[in-house]
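*Asks:* Input: one structure, supplied below.
Bear in mind that the values in this text are calculations on the coordinates, not laboratory data. On a predicted model such as this, the values are computed, not experimentally measured, just so you know. So basically every Cβ, Gly included, is an ideal-geometry build from the backbone, and we count neighbours across all protein chains shown.
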Amino acid sequence: MPAHKERALNPLTETTVDVVRVAVAKPLHQLFDYAVPPGMAPPVAGARVVVPFGRQRLTAICIEQDPEDAHARLKPLVSVLDASPAVPEELRSLAVWLSDYYQHPLGEVLATIMPAEARRGREMKIVRPEQWAATGATCDLARAPRQRALLEAIGAAGGSLSASALLDAGFSRALIRSVAGKGLITRTETAAEFAVGIDEEPPGLNEEQADVLSDLLDRTDGFAPSLLEGITGSGKTEIYLQLIDQVRKAGRQVLVLVPEIALTPQTVGRFERRFGAGGGVASLHSNLGDQERLQTWLKCFSGEVSVLIGTRSAVFAPFANLGLIVVDEEHDGSFKQQDGLRYSARDVAVKRAQTLNIPLLLGSATPSLESLKNAAAGRYAHLRLRQRAGGARPPSFHLLDIRGQTLEDGLSQDLIRKVGQHLKRGGQALVFLNRRGYAPTYLCPRCSWQAACGRCEMRMTLHLSPRALICHHCGQQRPLPTACPDCGHAELVAVGAGTQRTEAGLAKRFPEFPLYRIDRDTTRSQRRLEAQFEAIQAGDPAILVGTQMLAKGHHFPKVTIVAVVNADGGFLSADYRAPERTAQLITQVAGRAGRAEHPGEVWIQTYQPDSVLLRSLIDEGYEGFARRELAIRRSSGLPPFRPMALVRAESRDADNARAFLLSVRDRLENPLEVLGPAPAPIARVANRLRFQLMVMADTRRELHRGIRPIRDLAAPNTVRWSLDIDPYDTF
Ligand code: ADP
Ligand code: ZN
Ligand code: ZN
């Protein structure tokens, strides 16, 4: 560093800062140094700054003042945006951990953590309702009756009133300004304060629930992770509410993470009813506007939010005094981000609770094998609820052997009869199949032509409303051919069933009952979805047909029969996690049935009635299934017993993608187990060829040390690649 360089003087502390080290949101594992120009107040760590970067100007985050090994010739900062940290200390160290764990550049991690508005450099300030208060000054208003009336209105309201209340009362903006101009009233800002306590009397807990709650309350000091495994309807949410009540009373905040699909107005409403409208309950989800997101984020940090309910990214909200994290349905796949920073919000929640030294509660009817393994190893307390709260009985499970049977729109005659019986008895029927559209295959019975997506290596799904062939992988649509493009045969056939076909078949069979189809094609609008759910809640006999959207969040108390149209695909898939996901899905769908006084029946159609995994699910429930599946994972050396990373690469040219993965493989250090490069299970999507490299190790330390050398690898322009630590699916 030059000896007599001009030094920037911090006007507040009178100390000097020459250089700051910042993180920019670029795919580079590197931080950058900038000079603080003379006269500029230097940024504190965590503040946003604007820096010149190549020919661009970027918003960056200050990581460090005066790093020891700073370079001598540096470009100056353009400006400093914050006087205090925009990203608080706790989140900065979390970001460093994330960057290291997921091998993702720190600047991009910080950009992922921050709300979009903050990233764009907008002012990070809580906008509060405009409020006017009497100053106590007096003056003669005898000739200004409107001004006097305004002052009296404020006096009558206890000395201050919101601008909107004044406008509503007929006072004009101009009038407010002129009274303020006389110094009689002034604009004030008061932070909203939430009321601790409850608004709604909670139900008395049953014995099981009381035991679980008292266990949890015994361990509210320090990092105490618990896994609450309780069947759907066993009263887990009630336990969250009562535990949260205690944490709030101790003056601390709570973060509740829920799956994407479960964050509905009903969920938030349940918390608001319990803690009251002024109870500081807020939510963060993808439908919020950017400014709303920023405001909620800031209010978590200021302490004005007492309970934050949010989806995946809410795990990055800053808090003044966080006292508990709850992750509901912790097994859910939506907690894993599938692009960019491929984090698991559940795992980040564990890390954060550990760092903050606070309790963590993971709840699920079907816990992930990761969490079950941690519980078995004694790392998590394993708490259980085996009965349904309020006395409802769990459903009974049955397999329906459909070998050699002709299915009608996906359904066997036995199943159709059963559905009919339940409807006539006044129940509702839930028909679950994990495939939308009309039919997954459209073919020519004369030659062997099949409708296939030209860009992916996949069959196209036949849709009837609107009529089209649609590729579920790249979204491409084509009109239906009127004849076979290969041989001209005029009668093409739809094979197999999706939700549209099953819906049509059931509508023909049971025209007297209302039918609701719930899948991604029918539920593009949240409002329409809510309206459908309300009609179903009304409880008249009806049929529900749908995909996994039916498996989460909502309860259907009047459903007495659940039909699982096809369970086999999941147990036969090439993805080693597919059986776990399928068992969770079936159990979750089944859990929607017979919630109240009506016991339910679950019927599962299968071509594999002797499948060991399916049998164990039926005979021993999810717990038995999980025990078997864990044993398989252990003996095959798969997660959660050994950590895994997946390197994916795709290119228009197979050789490019494969060659890149070969160079990745060369860089990996021993002792890693490396499989591949192999074509991904769906080897071509949107004309790009996809390959992957599966990497495993015996310990996490070995995995991380071994893959570190690849993070700075530059791929040729023709190849897109990504590194996924703890992948949720292997394609
Ligand atoms: P879960 O979260 O496990 O699905 P919930 O907490 O939603 O279970 O409880 C299921 C239903 O039972 C809800 O309607 C809830 O209000 C009710 N409930 C929960 N605990 C009790 C209890 N101790 N007594 C009576 N009803 C209860
Ligand atoms: Zn043909
Ligand atoms: Zn396609």
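*Asks:* Using +1 at the C-beta of Lys and Arg and -1 at the C-beta of Asp and Glu, which of ASN357, PRO727, SER178 has the Cα lying farthest in the positive direction of the dipole of the chain?
*Replies:* Checking the options against the dipole of the chain, the answer is SER178.
*Asks:* Related question: Between ALA377 and LEU480, what is the spin-label point distance in nm, taking each point 7 Å from the Cα along the Cα→C-beta axis?
*Replies:* 5.4 nm
*Asks:* Give the share of C-alpha pairs in each 5 angstrom bin for the stretch 339-458, from 0 to the last occupied bin, in whole percents, shortest bins first.
*Replies:* 2, 6, 9, 11, 10, 10, 11, 12, 12, 9, 4, 2, 0, 0
*Asks:* Once Rh is set to the Kirkwood radius over Cα pairs, what Stokes-Einstein translational diffusion coefficient, in µm²/s, holds for the chain at a temperature of 25 °C and a viscosity of 0.890 mPa s?
*Replies:* Details: Rh = 29.4 Å.
After rounding, the answer is 83 µm²/s.
*Asks:* Could you tell me the largest-minus-smallest coordinate of the C-alpha atoms of the stretch 481-631 on each of the three principal axes, in descending order and whole angstroms?
*Replies:* 53, 41, 28
*Asks:* Follow-up question, since we're still on this one. What ³J(HN,Hα) values, in whole Hz, does the Karplus curve 6.51 cos²θ - 1.76 cosθ + 1.60 give for the stretch 309-323 when θ = phi - 60°, with x put for Gly and Pro?
*Replies:* These are the phi-based 3J(HN,Hα) values: 9, x, 8, 2, 6, 5, 5, 9, 5, x, 10, 6, 7, 6, x Hz.
*Asks:* Here is a further query. How many angstrom lie between the Cα centre of the stretch 426-445 and the Cα centre of the stretch 190-252?
*Replies:* 41 Å
*Asks:* Convert 25 °C to kelvin, take the viscosity as 0.890 mPa s, use the Kirkwood radius over C-alpha pairs of the stretch 542-693 as Rh, and evaluate the Stokes-Einstein diffusion coefficient in µm²/s, rounded to a whole number.
*Replies:* On the way: Rh = 18.3 Å.
In µm²/s, the coefficient is 134.
*Asks:* Given PHE301, GLY496, PHE533, which one lies farthest toward the positive end of the charge dipole of the chain, if we put +1 on the Cβ of every Lys and Arg and -1 on the Cβ of every Asp and Glu?
*Replies:* Looking along the dipole axis, the top candidate is GLY496.
*Asks:* So, one more: So how do VAL307, VAL49 line up by other beta-carbon neighbours within 10 Å, fewest first? Display every interim value, and only then the final one.
*Replies:* Details: VAL307 28, VAL49 25.
With the fewest neighbours first, VAL307, VAL49 line up as VAL49, VAL307.
*Asks:* What's the extension gain from ALA507 to GLU292 if we count 0.36 nm per residue and subtract their Cα-Cα distance? Numbers along the way, then the final one.
*Replies:* On the way: separation 215, 0.36 × 215 = 77.40 nm, distance 4.29 nm.
Computed gain between ALA507 and GLU292 is 73.1 nm.
*Asks:* Quick one: if you stick a label point 7 Å off each Cα along the C-beta vector at THR355 and SER663, how many nm between them?
*Replies:* Once both label points are built, they end up 3.4 nm from each other.
*Asks:* While we're looking at this one, here's another question. What percent antiparallel are the DSSP beta bridges of the chain, to the nearest 5? Let's see the in-between values first.
*Replies:* Numbers: 60 of 112 bridges.
In the chain, approximately 55 percent of DSSP beta bridges are antiparallel ones.
*Asks:* Taking neighbour Cβ counts within 10 Å as the exposure measure, how do ILE725, ILE61, ILE198 sort from fewest upward? Display every interim value, and only then the final one.
*Replies:* On the way: ILE725 21, ILE61 29, ILE198 18.
Ranked by crowding around the Cβ, least crowded first: ILE198, ILE725, ILE61.
*Asks:* What is the helix-to-structure angle for 654-667, meaning the angle in degrees between its Cα long axis and the longest Cα principal axis of the chain, kept from 0 to 90 and rounded to the nearest 10?
*Replies:* 60 degrees
*Asks:* Taking 2.2 N^0.38 Å as the expected size of a compact globular protein, what ratio does the Cα radius of gyration of the stretch 116-194 give against it, to two decimals? Working shown, then result.
*Replies:* Details: Rg = 15.2 Å, N = 79, 2.2 N^0.38 = 11.6 Å.
Rounded to two decimals, the normalised Rg is 1.31.
*Asks:* Let me ask something else. Can you return the aspartates and glutamates within cross-link range of LYS26? Criterion is Cα-Cα under 17 Å, with same-chain partners fewer than 8 residues away left out.
*Replies:* Partners within reach: ASP100, GLU108, ASP339, ASP712.
*Asks:* Another question about this same structure. Relative contact order for the stretch 255-363: what percent, with Cα pairs under 8 Å and sequence separation of 6 or more?
*Replies:* Values: 167 pairs, mean separation 34.0, N = 109.
It rounds to 31 percent for the stretch 255-363.
*Asks:* Suppose each label sits 7 Å from its Cα in the direction of the beta carbon; what would the VAL612-LEU572 distance come out to in nanometres?
*Replies:* Placing both labels 7 Å along Cα→Cβ, they lie 1.9 nm apart.
*Asks:* Helix 578-590 against the longest principal axis of the chain: what's the angle in degrees, Cα atoms only, rounded to the nearest 10?
*Replies:* 90 degrees
*Asks:* Can you give me the relative contact order of the chain as a percent, contacts being Cα pairs under 8 Å and 6 or more apart?
*Replies:* Values: 1439 pairs, mean separation 73.4, N = 731.
This gives 10 percent for the chain.
*Asks:* Along the positive direction of the dipole of the chain (beta-carbon charges: Lys, Arg +1; Asp, Glu -1; about the Cα centre), which of LEU151, GLY454, ASN206 reaches farthest?
*Replies:* Ranked along the dipole, the leading option is GLY454.
*Asks:* Also, quick follow-up: Would you work out the charge dipole size for the chain about its Cα centre, treating the Cβ of every Lys and Arg as +1 and the Cβ of every Asp and Glu as -1, and quote it to the nearest 20 debye? Each step should come with its number before you reach the end.
*Replies:* On the way: 90 positive and 81 negative charges, 341 e Å.
Rounded to the nearest 20 debye, it is 1640 debye.
*Asks:* Moving on to the next point. Using the count of nearby Cβ atoms within 10 Å as a rough guide to exposure, how do LYS351, LYS558 rank from fewest to most?
*Replies:* Values: LYS351 17, LYS558 22.
Lowest count first: LYS351, LYS558.
*Asks:* Give me the dipole magnitude in Debye, nearest 20, for the stretch 217-367 about the Cα centre, with unit charges on the beta carbon: positive for Lys and Arg, negative for Asp and Glu. Numbers along the way, then the final one.
*Replies:* Details: 16 positive and 16 negative charges, 53 e Å.
Approximately 260 debye in magnitude.
*Asks:* Taking the Cα centre of the stretch 192-261 as the origin, how large is its charge dipole in debye, to the nearest 20, when only Lys and Arg (+1) and Asp and Glu (-1) carry charge on their Cβ atoms?
*Replies:* Details: 5 positive and 14 negative charges, 61 e Å.
Computed about the Cα centre, the dipole is about 300 debye.
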